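To start, the structure under review is shown below, and the notes come after it.
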Amino acid sequence: MSREQQAVARARKAFETGRSKPLEYRIFQLKNLLRLFKERQKEISDAIKKDLNKSEVVTQMYETLGLEEEIGLAIKKLKDWAKPRPVEKNLMTLSDTVYIKPEPLGVVLVIGAWNYPWAVTIQPLIGAIAAGNAVVVKPSEVCVHTSRVMEDLLPVYIDKELYPVVTGGVSETQELLRQRFDHIFYTGSSPVGKIIMEAAAKNLTPVTLELGGKSPCYIDKNCDLQIACRRVAWGKYTNCGQTCIAPDYILCDPSLQDRVIQEIKNAVKEFYTDNPKTCPDYGRIINQRHFKRIMSMMEGSQVAFGGETDESDCYIAPTVLRDVKPDAKVMEDEIFGPLLPILPVKSLEEAIRFINKGEKPLALYVFTADNKVIQKFESETSSGGMVANDCLVHYSVSALPFGGVGNSGMGCYHGKFTFDQLSHLRACLIKQLKMEGVNSMRYPPHTPKKLGWARFFILSDLGRLGRLALLAVLAVVSAVLLQKFLL
């Protein structure tokens, strides 16, 4: 039996003991996970520094701070999330107890990504623990140092049988995908998402796919360009552009292009100094393979500013490309790096047509002071999320579902959405062995009269008639039906 098979078997056996189900145990595990981030911040930050050149402050701001908030929310709200949820009834079920009961799915596989290795791996783990599941955690092998730290630390703080960590590369992931899981949660690229989904289909395993795409950013004439471009620059160059919801390209009127370039250039200098390479807040490309991939995207496009590189250091400066054509190489795939193409468009309608010709993106950004423009984007485009006059910030709102649509993913998470995504929402109806007169209308022989009663019971508006009135009606109807059908 392989290491991967053993981990899954141990997690399944631990789940079958039932110890992950009591709310007290789930909360105990979540509190231990919270302790990890408070006690081992230095090890976490040191590893990410080696992998992505993120400073400790940046690591806390963009990785662990959000996780602490998410764990705190789950601990606070778990009893409410997990309790039975009453639902609206019709006349046929008025005397019954009808509710939704969240229950654990079983053993969940979480496959993390390398760009925010703690945030996108641990966030679904939090929801999976809260929902009462066992979880096999597979961190990205691309972040070598972080993967090792995760493998070392998680078993010290949380149940190592219920929540094993499996490290390794493609072969280890492939072996995991051969095992049977009750849910697979994957964060990464669309091509790999298709592989995950194909493997899951063999066992009819449901999947959550958090993917990506080319997230557009429309800048309207009617806006404060200085503020808009500062926010775009922050959203684009955070983590050296290696963010799934980073603005991928800008659409704007040709007359705005030069001003947009200048304002972004000013913002880059404000954020990262005249020499971003020496700035502790500016990261690096994860490895040389991705460095070469990003560099190849610049072919055939004109650099407006930036463009400085150092392959030995995996450094690419914040870069803007001007007058980019729709068929340029940089427009073929998600960039996932610090290149920002500007595509001039002559109208709002042309921008919307261009966006709708491509795959549905994970995020869509629009900068304007005109609410009608915002409403037009909202009604005439489709994306995982939409933000007006800012970038990235919707990810931080636990009350908003985070996820893609179409090619940018399926399923959503954050806060209660993660809990629900990784629970089975079981439909429950508890009936008494009484009032058989009401039920007799559904028993053969079927007659027009019974159909008439059925129409009344099923189609009556419970809210309009009122509960007390319906109880009175129900009592009378029951008596009539008893007399007509049973006596």
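In Å², what does the accessible area per residue of the chain work out to with a 1.4 Å probe? Intermediate results must be reported in sequence, preceding the final value.
Details: 22270 Å² over 487 residues.
Result: 46 Å² per residue.
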- Note on the structure: Residues other than Ser398 with Cβ under 10 Å of its Cβ, Lys/Arg counted +1 and Asp/Glu -1, net out at 0
- Residues other than Ile294 with Cβ under 15 Å of its Cβ, Lys/Arg counted +1 and Asp/Glu -1, net out at -2
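With Cβ to Cβ distances under 15 Å as the rule, what net charge do the other residues near Ala199 carry (K, R +1; D, E -1)? Walk me through the numbers on the way to the answer.
Numbers: positive: Lys138, Arg178, Arg180, Lys194, Lys202; negative: Glu4, Glu172, Glu175, Asp182, Glu198.
Combined, the nearby Lys, Arg, Asp and Glu give 0.
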- Message: How large a share of the accessible area of the chain, in percent, is made up of carbon and sulfur atoms when the probe is 1.4 Å and the other protein chains stay in place?
- Response: 55
- Span from the the range 172-186 Cα centroid across to the the range 439-458 one, whole angstrom: 49
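Would you mind getting me the FRET efficiency between Leu451 and Glu88? Use the beta-carbon distance for r and R0 = 25 Å, nearest 0.05.
Working: r = 24 Å, r/R0 = 0.95.
Computed FRET efficiency for Leu451 and Glu88: 0.60.
Sorted by accessible area (1.4 Å probe), largest first, how do Thr93, Thr447 line up? Intermediate values should be presented prior to the final figure.
Working: Thr93 25, Thr447 55 Å².
My answer, sorted largest first, is Thr447, Thr93.
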- Can you give the extra length, in nm with one decimal, that the chain gains between Gln432 and Glu359 once fully stretched, where that is 0.36 nm per residue apart less the Cα-Cα distance? 21.1 nm
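Which of the peptides 393-402, 338-347 is most tightly packed, and how do the rest follow, judged by the mean count of other Cβ atoms within 10 Å per residue?
Working: 393-402: 16.5, 338-347: 21.3.
My ranking of the peptides, most packed first, is 338-347, 393-402.
The values are calculated or read from the model by the stated rules, or taken from the named source; none is laboratory data. Since we're looking at a predicted model, the values are computed, not measured. Glycine also receives a Cβ, built like all others from the backbone with ideal geometry; neighbour counts cover every protein chain displayed. To get the accessible areas, we keep the full protein, side chains included, count just its heavy atoms, and leave off ligands, DNA and RNA. Shrake-Rupley method; radii C 1.70, N 1.55, O 1.52, S 1.80 Å.
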